[in-house]
Amino acid sequence: MTLTLESLPGSSGYLDIYPERKMYYFKNPYVLGLTVVAGIGGLLFGYDTGVISGALLYIKDDFEAVRNSSFLQETIVSMALLGAIAGAAAGGWINDVYGRKKATLLADVVFVLGAVVMAAAPDPYILIAGRFLVGIGVGVASVTAPVYIAESSPSEIRGGLVSTNVLMITGGQFLSYLINLAFTQVPGTWRWMLGVSGVPAVIQFACMLFLPESPRWLFMKGDKSKAISVLSKIYDFPRLEDEIDYLSSQLEEERRKVKNISYLDVFKAKEIRLAFLAGAGLQAFQQFTGINTVMYYSPTIVQMAGFHSNELALLLSLIIAAMNAAGTVLGIYLIDHVGRKKLAISSLSGVIVSLAILSGAFFVGQSGSTNGLDGWIAVIGLALYIAFFAPGMGPVPWTVNSEIYPEAYRGICSGMSATVNWVSNLIVAQTFLSLAEVAGTGPTFLILAGIAVLAVLFVVMYVPETQGLTFEEVERIWKERAWGRDSNTESLLG
C-alpha cells in the first residue's frame, strides 16, 4: 500500500477509508493500562500540590520557627514548585536521551526519596529539602507522562488518553483532601500526610518495570524490533503494517536529519518557534487564568466571602476539588469529539463569566448591604469557574503540548513548556494574596478575567486544531504556517 496524506494511519482520511480500524477509548485494555500506569505520575503531581495546604497547619504546631515565620511557611509550600521547575527543565533532556520509561523510573526514585525525607524531617530545613526533591520528581513526571501516553496512543483517541493523566492530577488533588481529613487525629499527622505520597510512586516504579518504552522513541533510536513488538499490542493487523511502514519511513528519516537537539535549536527553526509559542502560551494561560489560585486558596477565598468556619471552608473546598475531577472526566470525552481549540475557547469563555461573577460578588460585598448574599454568589462563582475550567483548560494545554512537536523536539519542547507552567504556577501562588490585599479581591478577580480574555485571543490566533491528526500532519501545519503552502522544499526541522 502506498501511503499518502489521506491514508496516513490515524488521520481522518485513513479512517474514512478504513472505518473498521478506528480505535475507541475502552477498546484496547493494553493501551488503557499503559495510560493508567503512566498517569500515576499525574496522581503524584496532584497529590503533592494539594496535600501541603492541610499539612502546613500541623507543621506549624510542631515547629515554632515555622509558626513564627511567614517566610518559612511560604518556602515550605513553594519549594516543591521550585523543584518542579528544575525537574521539568531537565526532564525534556532526560526523556530525549534516556527515554520515557527511564525518565519515569527516575522520577519515582527521586519522589520516594523526597517523601521519606519529609516524613522523617527533624527540623523545617530538612523538610524543605524533602519538598524540593519531591518537586523534582513531580517536574520530571509532568513532562514524561503526557509524552509517553501520546506516543503510545492511536491519534483518534490520543486526546482522551492524555487527558486521563489530567484526571489523575485532579484525582490526586481530591485524594490529598481526603488524606488530610483521614490523618487529622493520628499521631505525627503531617508526617503521614506527606510520607504516604511515596506509596503511589513505589507502585508506579514496580509496574513500569514490566511496561515497554514508547514505540516512537524506540524507532527514533533505531530499535525497530522492540518498537514493532510494542505496536503489535496496540494495533490490530493490518493497521499494524501501515503504522510500521509509516513510522519506519518518517522517523528513520528524521533520525538521520537531527542527531542532537539543544535548547537553542528550538528557537532557530521558525516552525518550532511557532509550535513552542503555542504550547508554552497555553501552559502560561492555564495558570494565569487562576486555576491554582482556586485550588491553593479556595478555603481562604471562601472565608474572604464571609464564611468564617474552618470546617465549612474545608468542606466547600473538598466539593470544589471533586467538581474539578468530575469536570476532567467530561473533558476526556469532549477533547476527541469537540476538538482542542473549540474546547479551549468555550472553556475560557465560561471562565471569564465566572471570574466576573466572583469579582462582582466581592465588589458588592464591600458595600455591606447584602445580608450575606454576596458570599453565596462568590461560592457559585467558584463552582462555575471549576465547571468551565476543568473540562477545557485543564486537559487542553497538556494534550496539545504532547502532540504539536516533531519527534526529535518532543521531549525538550515539552520540558520547556512544562517549565513555563511551573514558573507561572509559582508566580500566581506567590502573588495572589498580596495582590488581593493591595488591590482588593474584586479587582484581583477582574484582572484574572482580563487575562482570560487575552487567552481567548491567543488561542484563536496561535493554536491550531490537532484533533485526530497524526504527529506528521501536525508538523505539516507548522511548516505551512512558517513557510506558506508552497514551501515543500523547506526543511521541517530547520
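The values are calculated or read from the model by the stated rules, or taken from the named source; none is laboratory data. In this text the structure is predicted, and so the values were computed from the model without any measurement. Note: ideal-geometry Cβ built from the backbone for every residue, glycine included; neighbour counts use all protein chains shown. With ligands, DNA and RNA removed, areas are computed over all heavy atoms of the protein, side chains included. Shrake-Rupley method; radii C 1.70, N 1.55, O 1.52, S 1.80 Å.
Here segment 87-135 is described by how far its Cα atoms reach on the three principal axes: 38, 17, 9 Å, from widest to narrowest.
Pairing the Cα long axis of helix 224-234 with the longest principal axis of the chain, what angle in degrees results, from 0 to 90 and rounded to the nearest 10? With both axes taken from Cα atoms, the answer is about 60 degrees.
Normalized C-alpha radius of gyration of segment 19-89, against 2.2 N^0.38 Å?
1.77
As a ratio to 2.2 N^0.38 Å, the alpha-carbon radius of gyration for segment 166-234 is 1.70. Under the criterion of Cα pairs below 8 Å and six or more residues apart, the relative contact order for the chain equals 23 percent. Length gained on full extension, VAL186 to PHE363, computed as 0.36 nm times the residue gap minus the Cα-Cα distance: 59.6 nm.
ALA356 to VAL116: extension gain in nm, 0.36 nm per residue of separation minus the Cα-Cα distance?
Details: separation 240, 0.36 × 240 = 86.40 nm, distance 4.32 nm.
Length gained between ALA356 and VAL116: 82.1 nm.
Projecting label points 7 angstrom from Cα along Cα→Cβ for SER229 and LEU264 puts them 4.0 nm apart.
Counting Cα-Cα pairs of segment 1-157 in 10 Å increments starting at 0 gives whole-percent bin shares of 11, 31, 24, 17, 10, 5, 2, 0. Averaged per residue, segment 83-227 has 33 square angstrom of accessible surface, using a 1.4 angstrom probe with ligands and nucleic acids left out. Using R0 = 56 Å, the C-beta based FRET efficiency linking TYR18 and SER70 works out to 0.35.
When the charge dipole of segment 141-240 is built from unit charges on Cβ atoms (+1 for Lys and Arg, -1 for Asp and Glu) and taken about the Cα centre, the candidate among ILE179, MET220, SER232 whose Cα reaches farthest toward its positive end is MET220. Per 10 Å bin from zero, what fraction in whole % of the C-alpha pairs of segment 416-466 is there, up to the bin with the longest pair? Result returned by the calculation: 22, 39, 31, 8, 0. If the chain linking TYR462 and VAL199 were pulled fully straight, counting 0.36 nm for each residue of separation and taking away their Cα-Cα distance, it would gain 90.6 nm.
Divide the volume of the convex hull of the Cα atoms of the chain by its number of residues and quote the answer in cubic angstrom per residue. Kindly include the intermediate steps, with their values, before the conclusion.
Numbers: hull volume 66.6 nm³, N = 494.
Hull volume over Cα atoms, normalised by residue count, gives 135 Å³.
Per-atom-type breakdown for the chain gives carbon and sulfur 66% of the accessible area (1.4 Å probe, protein chains only). Quarter the surface of the alpha carbon convex hull of segment 372-494 and you get the mean projected area, 9.7 square nanometres. Projecting label points 7 angstrom from Cα along Cα→Cβ for ALA383 and VAL109 puts them 4.8 nm apart. To make sure I understand the rule: partners must be lysines, Cα under 16 Å from the Cα of LYS27, and not fewer than 8 residues away in the same chain. Which ones qualify? Counting by Cα, and skipping residues close in sequence, LYS27 has these lysines nearby: LYS233. Taking 7 Å steps out from each Cα toward its Cβ at TYR30 and VAL453 produces label points 5.2 nm apart. May I ask for the angle, rounded to the nearest 10°, between helix 441-462 and the longest principal axis of the chain, with both axes built from Cα atoms and the value confined to 0 to 90°? Taking Cα atoms only, the helix is inclined about 10 degrees. Against the compact-protein benchmark of 2.2 N^0.38 Å, the Cα-based radius of gyration of segment 114-156 scales to 1.69.
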